[in-house]
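Everything below concerns the one structure shown next.
All of the numbers you see were taken from the coordinates with simple rules; none came from a lab. This structure is a prediction, so every number in the text was calculated from the model and none was measured. Don't worry about glycine lacking a Cβ; one is built from the backbone with ideal geometry, like all the others, and counts go over all protein chains shown.
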Amino acid sequence: MANGINDYNGKTIQVNTKYFICDAPAKALIKGITHYNGRYGCDYCNVKGTYDGRMMFSYTGTQRTNQTFREKIQKSHHKYISVLESLEIDMVQQFPLDVMHCVDLGCTKKLLLTWKEGPLPFRLSSGQITLLSTYLCSLKEYIHIEFNRKPRSLKDLKLWKVSEFRTFLLYCGPVVLKYILSKEKYNHFLCLSVAIRILYSKDLMTEYKGYAQEFLSSFVDNTRLLYSDHLLTYNFNCLNHLTLTAERYGCLDGVTAYPFENNMSAIKRMIRGPSKVVAQIAGRLTEINNNRSAVCKKKAKF
């Protein structure tokens, strides 16, 4: 890494590692640590989970550091030595929390599923679900073209794309939930919505990051009171550490998996079968680059 990588033309390509953006299973794999559903699965603090049908994290432990990670202070957190430990990188802070997986696909989706088909004490009535869906669909004409998708009914909840959960959390949810949820649960949802809005913006982060942390802490604490300990899984626990990620990298917008997720369809179109997938992708990319060079040369002649 320090000397760069030599390509087939003999040219040295310098490599600089800023951070690794992964979902929880991939992060556990490349760091050699316990998976997110393990008792010591949190990769940001040393909290010990409790199991009751699922792994729950009911408090925040001591913050992990690069030193405590490399010294394997909490042995149960580690499964094997990662090859990445040979690099001069921070094995904790250079693996930022991804808001797409943690918040949008994690917490927001979990709340919606709880309201739609969760345990009876927390589930909305069929009339409330229908009304909420009507409110969402009525917003279609007001959604700007910059948004990837228009709001959909909760009947299609299991078909929602990840960007739809983000749109619900930051834009639609605060509007449509006001007369659906109780005051306590509505304010609870707003804590998450406002905190994430702050952490997405560099300008808001400068002045209001303290509020964001308070809102996230309040959201996690009140989840236990308004719903159940069963919701306090890995993703909800990670909310306690989200502000630190935003502080280190300026805001959350620059360290999300959204750009990679958006390119997944292009990669899938390069694959024609289940055999030798990597070779297929490499072949298609080579063809694209060669054709691009040929087109440029042809245009240059004129």
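Which of rounded, prolate or oblate describes the range 121-207 when judged by the alpha-carbon gyration tensor and an a/c cut-off of 1.5? Kindly include the intermediate steps, with their values, before the conclusion.
Working: a/c = 2.12, a/b = 1.26, b/c = 1.68.
Note, shape of the range 121-207 comes out oblate.
With 10 angstrom as the radius, rank T68, T167 by how many other C-beta atoms surround their C-beta, starting from the fewest. Can you show the working numbers first?
On the way: T68 16, T167 23.
Placing the least packed residue first, the sequence is T68, T167.
Compute the convex hull volume of the Cα atoms of the range 186-243, divide it by the residue count, and report the result per residue in Å³ as a whole number.
Numbers: hull volume 3.7 nm³, N = 58.
Looking at the range 186-243, the number lands at 64 Å³ per residue.
In degrees, nearest 10, range 0 to 90: what is the angle between the Cα axis of helix 126-138 and the longest Cα principal axis of the chain?
So the inclination is approximately 50 degrees.
To check my understanding: the extent here is largest minus smallest coordinate of the Cα atoms along each principal axis. What are those three numbers for the range 98-159, in Å, largest first?
Principal extents (Cα only, largest first): 38, 32, 15 Å.
Please find, in a Gaussian network model of the chain (springs between Cα atoms separated by less than 10 Å), the residue of L226, L204, L87 whose mean-square fluctuation is greatest.
Judging by the Gaussian network model, the answer is L87.
Mind running the shape call on the range 1-150? Use the C-alpha gyration tensor, a ≥ b ≥ c as the square roots of the eigenvalues: rounded below 1.5 for a/c, prolate if a/b tops b/c, oblate otherwise. Walk me through the intermediate numbers first.
On the way: a/c = 3.68, a/b = 1.51, b/c = 2.44.
Oblate.
Summarise the long-distance tail of P(r) for the range 74-134 by giving the % of C-alpha pairs beyond 19 Å. It would help to have the intermediate numbers written out before the result.
Details: 1071 of 1830 pairs.
Tail fraction, whole percent: 59.
Quick check: from the Cα gyration tensor, does the range 169-218 come out rounded (a/c under 1.5), prolate or oblate? Show your work: numbers first, answer last.
Values: a/c = 3.76, a/b = 1.78, b/c = 2.11.
Since a/c reaches 1.5 but b/c is at least a/b, the shape of the range 169-218 is classed as oblate.
So if the hydrodynamic radius of the range 6-47 is defined as the Kirkwood radius over C-alpha pairs, what does Stokes-Einstein give as its diffusion coefficient at 20 °C and 1.002 mPa s, in µm² per second?
This corresponds to a translational diffusion coefficient of 168 µm²/s.
Among Y211, Y179, Y80, rank each residue by its count of other Cβ atoms within 10 Å, from fewest to most, as a rough exposure measure. Working shown, then result.
Values: Y211 15, Y179 11, Y80 8.
Ranking Y211, Y179, Y80 by Cβ neighbours within 10 Å, fewest first, gives Y80, Y179, Y211.
Give me the compactness ratio for the chain, meaning the Cα radius of gyration over 2.2 N^0.38 Å. Could you put the intermediate results ahead of the total?
Values: Rg = 22.3 Å, N = 302, 2.2 N^0.38 = 19.3 Å.
For the chain, the normalised Cα radius of gyration is 1.16.
Compute, for the chain, the length of the dipole vector about the Cα centre, with Cβ point charges of +1 (Lys, Arg) and -1 (Asp, Glu) only. Units Debye, rounded to 20.
Numbers: 42 positive and 25 negative charges, 258 e Å.
Using Cβ point charges on Lys, Arg, Asp and Glu, the chain gives about 1240 debye.
Please give the charge dipole size of the range 197-247, origin at the Cα centre, charges +1 on K and R Cβ atoms and -1 on D and E Cβ atoms. Round to the nearest 20 debye.
Working: 4 positive and 6 negative charges, 21 e Å.
About 100 debye.
Report, ordered by chain and residue number, the lysines lying within cross-link reach of K31, taken as a straight Cα distance under 30 Å and ignoring same-chain residues fewer than 8 apart.
K18, K48, K72, K75, K79, K109, K110, K161, K202, K209, K268, K276
Which of the listed residues, S86, L120, T108, is farthest toward the dipole's positive end in the range 83-128, when Lys, Arg count +1 and Asp, Glu count -1 at the beta-carbon?
Result: L120, furthest along the dipole toward the positive end.
What residues have an amide H closer than 5 Å to that of A257, excluding those fewer than 5 places away on the same chain, when H is modeled at 1.01 Å from N in the peptide plane?
Amide H to amide H, under 5 Å and 5 or more residues apart or across chains, A257 pairs with V99, M100, H101.
Of L216, V47, P96, whose Cα points farthest to the positive end of the dipole of the chain (charges on the beta-carbon: +1 Lys, Arg; -1 Asp, Glu; origin at the Cα centre)?
P96
Would you order V83, V255, V99, V277 from fewest to most other beta-carbon atoms within 10 Å of each residue's own beta-carbon? Mind showing how you got there, number by number?
Working: V83 9, V255 21, V99 27, V277 13.
Ordered from fewest to most neighbouring Cβ atoms within 10 Å, V83, V255, V99, V277 come out as V83, V277, V255, V99.
Check K79: other-chain or 5+ apart residues with amide H under 5 Å from its amide H, H built from backbone geometry?
When sequence neighbours closer than 5 places are left aside, the close amide H contacts are I33, T34.
Write down, largest first, the equivalent ellipsoid semi-axes of the range 147-302 in whole Å, where each equals the square root of 5 times an eigenvalue of the alpha-carbon gyration tensor.
So the equivalent ellipsoid measures 41, 20, 16 Å along its semi-axes.
What is the Cα centroid distance between the range 74-90 and the range 215-291, reported in whole angstrom?
Spelled out, the Cα-based centre of one part sits 21 Å from the other.
Starting from the amide H of C45, placed 1.01 Å from N in the peptide plane, find each other amide H under 5 Å away whose residue is 5 or more places distant or on another chain.
Excluding prolines and chain starts, which carry no amide H, the hits are R64.
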